[in-house]
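First up is the structure itself, then whatever we jot down about it.
The values are calculated or read from the model by the stated rules, or taken from the named source; none is laboratory data. Given the structure is predicted, the values throughout are model-derived calculations rather than measurements. No Cβ is skipped: glycine too gets one built from the backbone with ideal geometry, and neighbour counts run over all protein chains shown. Only protein heavy atoms, including side chains, enter the accessible area calculation; ligands, DNA and RNA are left aside. Shrake-Rupley method; radii C 1.70, N 1.55, O 1.52, S 1.80 Å.
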Amino acid sequence: MKRLIYSSCSSENIDFKIVGEILTHAVKKNKEKSITGMMVYDGKYFLQCIEGDEALIDDLWKKLTEDTRHHSLYINGTEFDDKRLFPDWNMGYMNNRQEIQKIINSITGNKIFSPETLNYTHAKLLLLQLSFIL
Ligand SMILES: Cc1cc2nc3c(=O)[nH]c(=O)nc-3n(C[C@H](O)[C@H](O)[C@H](O)COP(=O)(O)O)c2cc1C
């Protein structure tokens with residue numbers, strides 16, 4: 001199983017409502033492909049983990065890079081693993097700024113959510129801890 005974590009910045013016309021719609025579609029598609037993961041959105045930045053069959057993850061990554069609803073995509077890291085980090089979520093979603101900042105602060109000492117500056121371990125930890133409070 002391949003896991004990929006990336007960060008991106010939402011395009012100007014994107015708001016929480018549109019992200020909700022992106023998510024509904026994503027959950028449906030991911031379910032069909034046994035893709036699991038977790039996504040964070042604070043109104044500006046995305047941080048998302050996708051995990052599943054290597055070919056399907058590579059295929060989704062290509063689609064993500066072509067999606068104009070976000071830009072400045074940056075891969076925080078990838079790895080292969082036998083176990084999923086988010087087995088219960090076809091795409092978990094957190095958009096509570098306070099919770100995001102609280103956990104970012106406890107992991108990095110930083111108050112600001114700036115996902116492209118997170119190393120892979122910190123990004124994984126943030127997503128995992130946020131998934132626990134969903
Ligand atoms: C921030 C963000 C996260 C996304 N996450 C997913 C995802 O987890 N799964 C997915 O299938 N599409 C996701 N999408 C949408 C894809 O970029 C693309 O539009 C979609 O895969 C196209 O699906 P379809 O042509 O098969 O309907 C996401 C888009 C954005 C902007």
Item to check | Filtered residue count, segment 72-101, keeping only those that are closer than 18 Å to F132 by Cβ and touching a strand residue (DSSP E or B) at 6+ places or on another chain (Cβ under 7 Å) | outcome: 12
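For residues that are part of a strand (DSSP E or B) and aromatic (F, W, Y), scanning just segment 77-98, find the one that is nearest to D15 (Cα to Cα). Spell out the reasoning first.
Filtering segment 77-98 down to residues part of a strand (DSSP E or B) leaves 77-80, 92-94.
Among the residues that remain, those that are also aromatic (F, W, Y) are: 80, 93.
Details: F80: 33, Y93: 15 Å.
Once the filter is applied, the top-ranked residue is Y93.
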Next on the checklist: I'm told V27 meets every condition in (1) part of a helix (DSSP H, G or I); (2) more than 9 Å from the ligand (Cβ to nearest atom); (3) within 23 Å of E79 (Cα to Cα) except one. Can you identify the failing condition by its number?
Outcome noted: (2)
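I want to confirm something. Restricting to segment 106-134 and keeping residues that are of a type in the set (V, I, T) and closer than 28 Å to F80 by Cα, which single residue is least open to solvent (accessible area, probe 1.4 Å)?
Kept after step one, since they are of a type in the set (V, I, T), are these residues of segment 106-134: 107-108, 112, 117, 121, 133.
Checking which are closer than 28 Å to F80 by Cα leaves us with 107-108, 117, 121, 133.
Numbers: I107: 33, T108: 51, T117: 99, T121: 88, I133: 86 Å².
Across segment 106-134, the extreme among qualifying residues is I107.
Picking from I75, I103, which residue would you name as being of a type outside the set (G, A, S), in contact (Cβ under 8 Å) with a residue 12 or more places away in the chain and loosely packed, with under 15 Cβ neighbours inside 10 Å? Before you say what the answer is, go through the steps one by one.
On the way: I103 fails: loosely packed, with under 15 Cβ neighbours inside 10 Å.
Step by step, each of I75, I103 is checked, and only I75 is of a type outside the set (G, A, S), in contact (Cβ under 8 Å) with a residue 12 or more places away in the chain and loosely packed, with under 15 Cβ neighbours inside 10 Å.
I'd like to know if segment 51-62 contains one or more residues that are of a type in the set (V, I, T) and either within 21 Å of T121 (Cα to Cα) or open to solvent by 40 Å² or more (accessible area, probe 1.4 Å) (or both). Please lay out each step first, then the result.
Initially, segment 51-62 is screened for residues of a type in the set (V, I, T), giving 57.
Filter once more, keeping what is either within 21 Å of T121 (Cα to Cα) or open to solvent by 40 Å² or more (accessible area, probe 1.4 Å) (or both): 57.
Checked against the condition, which is being of a type in the set (V, I, T) and either within 21 Å of T121 (Cα to Cα) or open to solvent by 40 Å² or more (accessible area, probe 1.4 Å) (or both), segment 51-62 yields at least one hit.
If I ask for residues that are more than 14 Å from G92 (Cα to Cα) and surrounded by 12 or more Cβ atoms within 10 Å (Cβ to Cβ), which ones from segment 17-41 would you list?
Our first condition is that a residue be more than 14 Å from G92 (Cα to Cα); within segment 17-41, this holds for 17-18, 32-33.
I18, K33 - these are the residues of segment 17-41 that are more than 14 Å from G92 (Cα to Cα) and surrounded by 12 or more Cβ atoms within 10 Å (Cβ to Cβ).
Tally the residues that are small (G, A, S) and near the ligand (Cβ under 9 Å from one of its atoms), restricting the search to segment 1-21.
Kept after step one, since they are small (G, A, S), are these residues of segment 1-21: 7-8, 10-11, 20.
Filter again for near the ligand (Cβ under 9 Å from one of its atoms), leaving 8, 10-11.
Total meeting the criteria: 3.
Please count how many residues of segment 33-68 are assigned to a strand (DSSP E or B), more than 9 Å from the ligand (Cβ to nearest atom) and within 15 Å of F86 (Cβ to Cβ). Show your work before the answer.
Restricting attention to segment 33-68, the residues satisfying the condition of being assigned to a strand (DSSP E or B) are 36-41, 45-52.
Of the ones still in play, those that are also more than 9 Å from the ligand (Cβ to nearest atom) are 36, 38, 40, 45, 47, 49, 51-52.
Keeping just the survivors that are within 15 Å of F86 (Cβ to Cβ) gives 36, 38, 40, 47, 49, 51-52.
Qualifying residue count, segment 33-68: 7.
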